[in-house]
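**Q** A single structure is presented below for examination.
Bear in mind these aren't lab numbers, they're just calculated from the coordinates by the rules spelled out. Bear in mind that the values here come from a model prediction, so they are computed numbers and not experimental data. Here the Cβ is made from the backbone with ideal geometry for all residues, glycine too, and neighbour counts use every protein chain on show.
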Amino acid sequence: MDYYQLEDSTWMGPLILSMQKAIVMAFTSGDWRELGYLTGQQDYIQNHSRLLRSLGFGDDDYGDCVFQVLRYFTHQAPQSVMKIIEHPKIRPQLEVSQPDKLIELGFHIGHVPSVPPVVGASEVVRRALSDADQLLVTSGPTSAIDRLHTALHGYLKSACQNSGIPLAPDATLTQAYKVLRTQHPALQSLGGHDGEVGKILSSFASMLDALNTLRNHASVAHPNDNLIGTAEGSLTVNAVRTIFHYLNQKIGE
């Protein structure tokens, strides 16, 4: 492929910043050594004066060392940058923070974008969404399911409360969605194809019912032995994010 974008410092700046954040948050010394052999840059990484030492001792300059390595790769071995982007601890974060740039570089985006800041949401909802994004990067979709469940449950309850819709304090996720769907004014008119859109929204009620079961019996919310697989976990995360995006846009809560 053509690496001309990687030579444009203005274009690369946000991408490098996102890669650096993901690396600082998740990379181990083993990840660095593995990346070195994958890219043919093992001597550079191993002989770097501070990178692995700074990581090992938790020194304050580790973030600067990561920037230095990324700059070196960008200018001296641009093909190595693609290997960094493809790393399983980095690519999910970039799919959230830099999806347009990944598409320009020829990558297929496999995740529905992260839920943006939610107007009027409680601190619990905002924190759960942030935790879910971080867990998706560091531990995979299986670990993010519980926090997305918490975020959506809290969001639905807040949306009912803010709209003056009566809801039992102990309402489940599925019950809260049903009440909001049937009673919120903004969800009573779905445009010129309300029948078909209504069917889609009804199918999401079934999805949320399944989410309850998966959260309790197939995620790390509890000590479950039979965890959901990666592909199925991604499907679940994408489905929750999809309904979150729709409701956030439709009712503006």
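**Q** Points 7 angstrom from Cα along the Cβ direction at Tyr37 and Gln161: gap in nanometres?
**A** For Tyr37 paired with Gln161, the spin-label model returns 5.3 nm.
**Q** Below 14 angstrom from the Cβ of Leu135, what's the summed charge of the other residues (Lys, Arg +1; Asp, Glu -1)? Before the final figure, lay out each step's value.
**A** Working: positive: Lys89, Arg127, Arg147, Arg215, Arg241; negative: Asp131, Asp133, Asp146.
Spelling it out: positives minus negatives among the neighbours equals +2.
**Q** Match the structure shown to one of the listed values [x] 51, 43, 37; [y] 43, 37, 34; [z] 63, 42, 30 of Cα extents along the principal axes in Å, computed from it, and give that label.
**A** [z]
**Q** Express the relative contact order of the stretch 123-251 as a whole percentage, based on alpha carbon pairs under 8 Å and six or more residues apart in sequence. Working shown, then result.
**A** Working: 124 pairs, mean separation 36.7, N = 129.
RCO, the stretch 123-251: 28 percent.
**Q** Right, something else. As a test of the formula, what do you get for the chain when each DSSP H run with n ≥ 4 contributes -39,500 (n - 2.57) and the sum is divided by the residue count, at 222 nm and rounded to the nearest 500 deg cm²/dmol? Could you put the intermediate results ahead of the total?
**A** Details: 13 runs with 174 residues, N = 253.
Result for the chain, helices only: -22000 deg cm²/dmol.
**Q** Where in the chain are the helices, taken as whole DSSP H runs, whose Cα atoms extend 18 angstrom or more along the long axis and whose Kyte-Doolittle mean reaches at least 0.0?
**A** Working: long enough: 9-26 (25 Å, 0.97); 62-76 (21 Å, -0.11); 123-138 (22 Å, 0.19); 141-162 (31 Å, -0.35); 194-217 (34 Å, -0.03); 230-251 (31 Å, 0.05).
Both cut-offs are met by 9-26, 123-138, 230-251.
**Q** Shape verdict for the stretch 82-208, please, from the Cα gyration tensor: rounded (a/c under 1.5), prolate (a/b greater than b/c) or oblate. List each step's numbers first, then the result.
**A** On the way: a/c = 2.54, a/b = 1.69, b/c = 1.51.
Prolate is the answer for the stretch 82-208, as a/c is 1.5 or above and a/b outweighs b/c.
**Q** Excluding residues on the same chain fewer than 8 positions from Lys21, give the lysines whose Cα lies under 23 Å from its Cα.
**A** Excluding near neighbours in sequence, the set is Lys83, Lys89, Lys101.
**Q** Now, a different point. Determine, from the Cβ-Cβ distance of Ile103 and Asp170 and an R0 of 45 Å, the FRET efficiency 1/(1 + (r/R0)^6), rounded to the nearest 0.05. All intermediate terms of the calculation are to be shown ahead of the outcome.
**A** Values: r = 44 Å, r/R0 = 0.97.
It comes to 0.55.
**Q** Now, a different point. Neighbouring Cβ atoms within 10 Å as the yardstick, rank Tyr155, Tyr37, Tyr44, Tyr62 fewest first. Mind showing how you got there, number by number?
**A** Working: Tyr155 28, Tyr37 10, Tyr44 17, Tyr62 20.
Final ranking by Cβ density, sparse to dense: Tyr37, Tyr44, Tyr62, Tyr155.
**Q** Contact order normalised by length for the chain, with contacts defined as Cα pairs under 8 Å and 6 or more residues apart; what percent is it?
**A** Details: 261 pairs, mean separation 42.9, N = 253.
In percent, rounded to a whole number, it is 17.
**Q** Also, quick follow-up: Could you tell me the distance between the Cα centroids of the stretch 1-60 and the stretch 128-154, to the nearest Å?
**A** Answer, in whole Å: 26.
**Q** Can you work out ³J(HN,Hα) from phi for every residue in the stretch 41-57, in order, using Karplus 6.51 cos²θ - 1.76 cosθ + 1.60 and θ = phi - 60°, giving whole Hz and x for Gly and Pro?
**A** For the stretch 41-57, the Karplus-derived couplings read 10, 4, 5, 4, 5, 5, 9, 4, 5, 9, 3, 6, 5, 5, 4, x, 9 Hz, x marking Gly and Pro.
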